[in-house]
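Here is the structure we will look at.
All of the numbers you see were taken from the coordinates with simple rules; none came from a lab. Quick caveat, the model's predicted, so the values are computed rather than measured. Virtual Cβ from ideal backbone geometry, glycine too; neighbours counted across all protein chains shown.
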2 protein chains.
Amino acid sequence: MVKFASSVSGMRSSEIRDMMSLATKPGIISFAGGMPDNRLLPVKELDDIYSKLTDSEKQKGLQYGPTNGLPELREALKKYLQAKGLPVSDNELLITTGATQAINILAKAFINPGDTIITENPCFIAATSSFKAHEANIVSVESGENGINVDALKEILDNLCEKPKFVYITPNFHNPSGALCPLSVKQELIKVLTHRDIVLIEDDCYSDLAFDRKGDADDLKTIKSLNPQGIDVCYIGSFSKILGPGLRLGWMLVPKYIYDKCELIKQPIDACSSSLSQVIAEKFLNTGRVKTYVESVVPLYKERCNTMCTLLRDLLPNGVSFTQPKGGFYLWLTLPDNIDATDVLKRSIDKSVVFVIGKTFDPYARKNNTIRLSFCNTSVDDIKLGVPKIVDSIKEVMSIN
Amino acid sequence: MVKFASSVSGMRSSEIRDMMSLATKPGIISFAGGMPDNRLLPVKELDDIYSKLTDSEKQKGLQYGPTNGLPELREALKKYLQAKGLPVSDNELLITTGATQAINILAKAFINPGDTIITENPCFIAATSSFKAHEANIVSVESGENGINVDALKEILDNLCEKPKFVYITPNFHNPSGALCPLSVKQELIKVLTHRDIVLIEDDCYSDLAFDRKGDADDLKTIKSLNPQGIDVCYIGSFSKILGPGLRLGWMLVPKYIYDKCELIKQPIDACSSSLSQVIAEKFLNTGRVKTYVESVVPLYKERCNTMCTLLRDLLPNGVSFTQPKGGFYLWLTLPDNIDATDVLKRSIDKSVVFVIGKTFDPYARKNNTIRLSFCNTSVDDIKLGVPKIVDSIKEVMSIN
């Protein structure tokens, strides 16, 4: 047997994998997955777009494209991002094979084995996996209902022997915590990071899924759109939540010098992202269907979220807390310190309900008293059936009858 | 400015990039690209397949799939590979985002910085780039009209201080050399590698494009299908040449212990390959359209190849040699030792004809007296116009009038 490279080990949580396999079994009510509901995917829109493609566009979809993305998609996406206030003309856009690849390319760009990088805790698991695969020394900073704890971050930065290469955060509708980081916290974060020569990676896959776009307009502003001077912000986005993850399309909007490296890195990884997906995504953008589609599904996610929150508020025992999400896919439950989420999960599985324990999203897998509930992929009826069973399981573990 | 990781440098030949950009200009006759002809891509077949997809299949195409690939595609591909004699039941199949990703994942799996690996010389440039990106010590072995020089390989293996992790070869219709490695050479190679604990990566993206499938049946056998005992063979294939590169779909068929690592590695790279592409590729396989499509285009590639060979035989001066390709996309010209291919290229560009100089495919970029001519993406008429101009350019540099 040939020896593997040293960096290849334990990159994926087997817990997540087992959970996902369980989650797709018939009869199981799942709050585990972070994917859109199959029934809500834009099939009609896809049909409509496909039916209008010319032969030449279909040829383009079957052919190699430039590594940085099809020019038509890059143009359409620039307009889309510009309308959201993002500084597209001062930065370069790289189309990637999902936001996951964007994270992975940035990890490759910056991390030498042993380099320190900073994440939130909890953190998106594919990001943690990618940073571990690049043998980063991960330092994680507490992230709560207002996003990253900036004071804690500042203290860490002031005391670290080695300067971290980057800080990776998901300020809008965090996965898994669901939190929307308020504008004031974003502004504090900018202050702390300015002129430190630390890149900020802003993962923004969920902000289009705001339940109250107007009411939360200020807090929804991305850090990249604030265009802070003195910090290199790498902004990551995705078509997965606004169109369909099966297309495997995401992007990064980054300073030119970082773009140049990242394009070089992408070339031997997969040459280019799916051209067929890119042709389709371009049409979704240019026909305005992304906007109308998102506007049609967000109220459904909101209804699911509200149903879940109402049930939890009515049923949860004292000592278990959560913050009502303002958008996105996830709700984060915090149990009392001494309550083991794995015990709750086991009892829920006995009741045919699954979710993911919060520990999975802790880079160090330490404390085990949190739970991620996805409301994106479960009908209102199933939420009404499933949530009480989770509450029952929590009560059992807390010995409350 | 934040310092990049040390491994990120010079991963793509700027020569190739410039050439590709030149190759797509109007009025230019290009023998540069390694992509199928747009006009030959299976647009009608795609329409037919799309029109028959159910809503549930379209949903699947828009949704995340398992990291190792959609079960339906894996089953269809297993049948396809089994019919070609590949040992699918003793191995595991991983769907990848193009063969390029398969190479990149295997590089990640095996290469620690400084590890020795062996390639052919010349070698597929994306493979070389990937191995360099993983900081491999690349040792390359001469590869000619009969594929890798097995004696030279044996000598290197016997004399290397450090055992290489793997040997990477493209035995069937090599990119760039076009060579079909005869069965006898494959058998010698097996002998040399048996029980050495060195993985063999067999890149087989072109073997479906044989001009005389029956006549060359023996030589077309893949090493993996010979199922040699005592060597772990990682077999790589792609839909790019038999369906369309824009789908970004390839695969690896590898021993279980290697598959397990590679699936782990793929997860944080891009989660899964495009589901939409996978749904379509499965239909191409299960409806038999891959077979009928390939059978319809191979005679066209053969005609282009024959046209090119006839012209070259008629026009080339003494001292310039080539072997007539038996399939694939490429023809390899060897100029006299003292003739500089870059000079020939410059003069060809002045005549509005482009190709890629052979040095681009040399991991060390040393000798510069070879030329790769792609016949896959150029019409017979353009071949008749373009090849004489290349010959004229060669004659000019050789000072022959």
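If you count, for every residue in B:62-71, the Cβ atoms of partner chains within 10 Å of its Cβ, what is the mean?
Working: counts 18, 12, 11, 3, 4, 2, 0, 0, 1, 0.
Per-residue shielding by partner chains comes out at 5.
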Chain A residue with Cβ closest to the axis mapping A onto B, distance in whole Å: A:SER274, 2
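To the nearest whole number, what is the average tally of beta carbon atoms from other chains within 10 Å of the beta carbons of peptide A:94-105? Don't skip to the answer; put the middle values down first.
On the way: counts 0, 0, 1, 10, 7, 2, 6, 5, 1, 2, 4, 2.
Mean shielding by partner chains, rounded to a whole number: 3.
Ranked from highest to lowest mean number of other Cβ atoms within 10 Å per residue, what is the order of the peptides B:94-102, B:116-124, B:311-319, A:300-308?
Values: B:94-102: 28.7, B:116-124: 24.7, B:311-319: 13.8, A:300-308: 19.6.
Highest-to-lowest ranking by the protection proxy: B:94-102, B:116-124, A:300-308, B:311-319.
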Shortest first, in nm, what separates the label point of A:ASN227 from those of the same position in the other copies (7 Å along Cα→Cβ)? 6.4
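Nearest 5 percent is fine: what portion of the DSSP beta bridges confined to segment A:54-289 is antiparallel?
Working: 12 of 28 bridges.
Taking every DSSP beta bridge with both residues in segment A:54-289, the antiparallel ones total about 45 percent.
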Choice from B:SER374, B:SER143, B:SER296 with maximal GNM fluctuation in chain B (Cα, 10 Å cutoff): B:SER296
Defining the label point at 7 Å along Cα→Cβ, can you sort the distances from A:LYS25 to the same site in each other copy, shortest first, in nm? 6.3
As a test, work out the antiparallel percent of DSSP beta bridges whose residues both lie in chain B, rounded to the nearest 5. 55
Which of the listed residues, A:ILE138, A:PRO255, A:GLN229, is farthest toward the dipole's positive end in segment A:54-289, when Lys, Arg count +1 and Asp, Glu count -1 at the beta-carbon? A:PRO255
Fewest-first ordering of A:TRP251, B:TRP332 by Cβ atoms within 10 Å yields B:TRP332, A:TRP251
Choice from A:GLY34, A:GLY358, A:GLY237 with maximal GNM fluctuation in chain A (Cα, 10 Å cutoff): A:GLY34
Taking the alpha-carbon centroid of each part, what is the distance from segment A:280-342 to segment A:367-401 in angstrom? 14
Any idea what the A:ILE400 label distances to the other copies are, label 7 Å down the Cα→Cβ vector, nm, shortest first? 9.1
Most mobile of B:ASP362, B:ASP203, B:ASP90 in a GNM of chain B (Cα contacts under 10 Å): B:ASP90
Given the convex hull of the Cα atoms of segment A:54-289, what is a quarter of its surface area in nm²? 12.2
Among the complete DSSP H segments of chain B, which ones combine at least 30 Å of alpha-carbon extent along their axis with a mean Kyte-Doolittle hydropathy of -1.0 or more? B:289-315
Counting other chain Cβ atoms within 10 Å of each Cβ in B:250-257 and taking the mean gives 1
Once both label points are put 7 Å beyond Cα along the C-beta direction, the B:ALA152-A:ARG213 separation in nm becomes 6.2
DSSP bridge pairs, segment B:1-158: antiparallel proportion in percent, nearest 5: 25
Using the structure shown, select from A:LYS60/A:LYS266; A:LYS108/B:LYS359; B:LYS221/B:LYS261; A:LYS186/B:LYS60 the pairs with a Cα to Cα distance greater than 30 angstrom. A:LYS186/B:LYS60
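What does the charge dipole of the protein assembly as shown about its Cα centre add up to, to the nearest 20 debye, if the Cβ of each Lys and Arg holds +1 and the Cβ of each Asp and Glu holds -1? Mind dumping the intermediate values first?
Details: 94 positive and 96 negative charges, 163 e Å.
Magnitude of the dipole: close to 780 debye.
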